[in-house]
Amino acid sequence: MAQITRPTQTPAQPSLKVSGLDLDYFNPKEYIIGGTTITGTQFIEKDVIVTLSKLIKGERVTLPGEATSNAIKILWGQGLFDDIKLDISRIVEDTVYFDIDVVERPRLSTFEINGVSKSQKTDILEKLNEKKGKAIINENLYNSTTTTIKKFLLEKGFFFTSVTYKTKPDPNLENGMVLQVFIEKGDKVKVHEINFTGNKDFSSAKLRKFLKKTKQQAFYKVFGSGKFNKEKYEEDKLKLIAKMQDRGYRDAVILKDSVYQYNAKAVGIKIDLYEGPKYYFGDITWVGNAKYTTEDLQRVLGIDKGEVFSEEKLEKKLRGSASGDDVSSVYLNDGYLTFQVEPVQTRIYNDTVQIEMRIAEGPQYTNNRITIKGNTITNDRVAMREVRTKPGEKFSKELLIRTIRELGQLGYFDESKTVPIPKPNPADGTVDIEYTVEEKPSDQVELSGGFGGGNIIGTLGLTFNNFSLRNLFNLDAYKPLPKGDGQKLSLRGQTNGKYYQSYSFSFSEPWLGGQKPISFGVSAFTSLQSNGLSSDNSNFQKIRLNGVTVSLGRRLNFPDNFFQLTHSINMQQYILNNYPGYLFSTGTSYNLNLTQELSRDSRNHQIFPTDGSYFRFTIQATPPYSLLNSINYATASDKQRYKFTEYHKWKFESQWYQRLVGKFVVKAQAQFGFLGTYNQSVGQSAFERFKLGGDGMQGFDFLQGSELIAMRGYANNSVIPVGADATIAQNSGSPIFTKYVMELRYPVIASQQATAFVVAFAEGGNTWDKFSDFNPFNVRRSVGLGAKIFLPIFGLLGIDYGYGFDKIPGIPDANKGQFHFSIAQQLGGFN
């Protein structure tokens, strides 16, 4: 390719011409300027040219002299003209008249960018377009355009960019030119080496680790060290010094640094450091504290004399602790809204820094007026009952943060836009608090079609999460449904015609009576599955399940106010007709049980928690019928044995979330389930068992007396007990299971419209038929990657790829690579 060069301009040399007049160069004479005329200009104001030349009417000028040559120099220096001619048109006695003839340089009409992608071209033009129609094509334009383009591409990792130009006339603009820009980006470069000088106590390897986003190439970095990014490099330099200062080197500074070309595809970096001495905390004194003693404050601060000096740690312990165990939180949680503390380095001697904590406690404030603004759908009383900052109580930062959490967990507001605004009233020592919220969509729709059991299945589910039952018959409240009272109404139907049908309904009220956090719920369902034959056919198979549940729950204040206790009574009816897969195939069974559930949820977010924990302990039990009647179960028929299902069921689940580095979050989870008997003669219950493996989605097993436990890397319901018959175990489930999960999560979208994150996971789990075989450490294992996205209207959608390491006897395709899709899974449930 031929080299394209910047167009060269060869204007005529500016000149001074005298029209037939004789000037005595040995005897200069002073004249009065009678006027200056301008010719040749099209776009530049003539008065501007006269002013720039300083040949202004009425001014005095010496001819011959420097005034004329200076006028040409000044005009030429503007870069606006290709030619300038200065003519003394006439002299009348002591008055002189000038004429300036100019040739204007062309104006820039538009840019024509070549050599970059379409998106990059758009971004570059956005940065350059302000010059169109106004700029003159001259050296300054070339230089500024080159600088803009190189800076933009440098941020994209193109370190060795070259820019050349051509021009062509624009037929649509008089004196307009199109500036053709030819860009040679070159290759994106990596960092081949990072070298340090001046470092004594810090090794170069340690310093390189501090540069989180600027990595040196190495053979063992399979996924590469990343492209060099100038902007990230500048951020890394600041973090490098911050890391050194955090380790006691408070005087650390970068003296100079350079980025140089190592080869055509790599750069090298050299950083010259000054470490300085390592400092330690000396005496820490406190002044201005009256509410708390020096000993109390020092205990909260947790920094002792002789510790390595760190301004980051000092700031964190004074007012920046995420867990709220800093000095400021102690005061702010006790009403001292205007509390301030300023650490002052009073003396630095040798390697010791003495600190004086200067405190201004201020008055103790009491909450006054509490309001919520922005809840256009949710009723005030629904939002206000989640507010923990009560009028008349002392102001508390902890309760302020807790209120934000509780409002977010309602699911009606955008958590990122919930802002508390305290408004102190110093005159009376009170504070008004206004919570600003923004409503977000909370209803969900499940509309899907799928293939299962050899048939097409259609599903329609509607969940209204902010329903208002009291306005059900108020047509004015339909927008499009009555909303705002915080109730939940769910309707779901799933069918493929005569083979399978399932319908369910549920309603819940979180504040029964509206005065106390007592929840009430009622649900009902019916499901039918058959082989599609007529009932008079000898091969006809059918199972129908009907049920209703009523629940009552209450928030607790002990051991803390994150606990909740829920009671529920459930009645289910199973009708089987020649249906395989259970402990009996024909007959009717009733399952009347009472469930007690104790849970604690301190997660800071329901969709993507970064802190906190969740646990749930559940006991579900039926009456011990076999211990209360006189039936001899050793000789009893299936009709007698299973008419009233009896069992006691114990479940436990725990989740723990912790932020690691940056946005990475780790999740640890453990689950256990046990199904017990009252009477060995009766044996295990035919229902309420656990099915482990797969995506945990409720297909044909929905509401058929089995709990589906997801386990990625294995096919649905495939994790069966060792030695069990594969067909029977997959259909009936197991009475015992355990499951463990470790996940590393990273958010990629966090907005009102969607929340999305990617995960890397490791799982282990197993099932058993007998307690004597139970071993919580004998598990089937899997690892994998996945992604989940929460859309308010659809709920949580996910896709995972898991690889199961352990074979399942009798099910050859159970493990190895498995894709799993999920929709609207429970966030804290057993799935």
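We did not get these values from a lab; they are worked out from the coordinates using the rules stated. Everything quoted here is computed from the prediction, not taken from an experiment. A quick note on method: Cβ atoms are made from the backbone with ideal geometry, for glycine too, and the neighbour counts reach across all protein chains shown.
In degrees from 0 to 90, rounded to the nearest 10, what is the angle of the helix 118-128 Cα long axis to the longest principal axis of the chain? The answer is roughly 50 degrees. I need the calculated FRET efficiency for the pair N70 and E275, taking r as the beta carbon distance and R₀ as 60 Å, to the nearest 0.05. Calculated transfer efficiency: 0.60.
Only Cα pairs under 8 Å and 6+ residues apart enter the sum, and on that basis the relative contact order of the chain stands at 5 percent.
One chain, two ends: N350 and L594. Fully extended at 0.36 nm per residue, the span grows by 80.7 nm beyond their Cα-Cα distance. Cross-link partners for K498 among the aspartates and glutamates, with Cα-Cα distance under 19 Å and sequence neighbours closer than 8 places in the same chain left out: D536, D701. Counting only alpha carbon atoms, the long axis of helix 139-155 and the longest principal axis of the chain meet at about 20°. A simple spin-label model places pseudo-atoms 7 Å from Cα toward Cβ; at N561 and K54 they are separated by 7.9 nm.
So which chymotrypsin sites (Phe, Trp or Tyr not before Pro) in the stretch 472-522 are both in a DSSP loop and have at most 16 other Cβ atoms within 10 Å of their Cβ?
Numbers: sites: F473, Y478, Y499, Y500, Y503, F505, F507, W511, F520; in loops: F473, Y499, W511.
Listed in order of number, the matching sites are F473.
Here the residues K232, K390, K651, ranked from fewest to most Cβ neighbours within 10 Å of their Cβ, fall in the order K390, K232, K651. When the C-alpha to C-alpha distance is required to be over 20 Å, the pairs from K215/K317; K213/K317; K215/K237; K651/K807 that qualify are K215/K317; K213/K317; K651/K807.
Taking only alpha carbon atoms, the stretch 576-701 gives an Rg to Rh ratio of 1.12, where Rh is the Kirkwood radius.
Backbone N atoms of the stretch 35-62 closer than 12 Å to the 7 Å Cα→Cβ label point of N27 are not found in any residue.
When the C-alpha to C-alpha distance is required to be over 32 Å, the pairs from K121/K265; K305/K397; K265/K667; K390/K739; K151/K239; K212/K313 that qualify are K265/K667; K390/K739. Taken over the stretch 280-360, the ratio of Cα radius of gyration to 2.2 N^0.38 Å equals 1.05. Each of L469, L481, L545 was scored by other Cβ atoms within 10 Å of its Cβ. Arranged with the fewest first, they read L469, L481, L545. Using R0 = 35 Å, the C-beta based FRET efficiency linking D638 and L460 works out to 0.45. Listed by chain and number, the aspartates and glutamates whose C-alpha is less than 20 Å from the C-alpha of K394, apart from same-chain residues fewer than 8 away, are D325, D326, D334, E361, E386, E406, D428, D432, E434, D560.
When the Cα gyration tensor is reduced to axis lengths a ≥ b ≥ c, the ratio a/c is 1.5 or higher for the stretch 347-461, and with a/b not above b/c it is classed as oblate. When S585, S396 are arranged by Cβ crowding within 10 Å, least crowded first, meaning fewest neighbours, the order is S585, S396. Every Cα-Cα pair in the chain was counted, and those over 38 Å apart are 64% of them. The Cα-based radius of gyration of the stretch 259-417, divided by its Kirkwood radius, gives an Rg/Rh of 1.17. With respect to the chain, whose longest principal axis is taken over its alpha-carbon atoms, helix 397-409 is tilted by about 70°.
For the stretch 716-799, the set of trypsin sites (Lys or Arg not before Pro) satisfying both a DSSP loop assignment and a count of at most 12 other C-beta atoms within 10 Å is given as K770.
The stretch between S534 and V419, if pulled fully straight at 0.36 nm per residue, gains 35.2 nm over its current Cα-Cα span.
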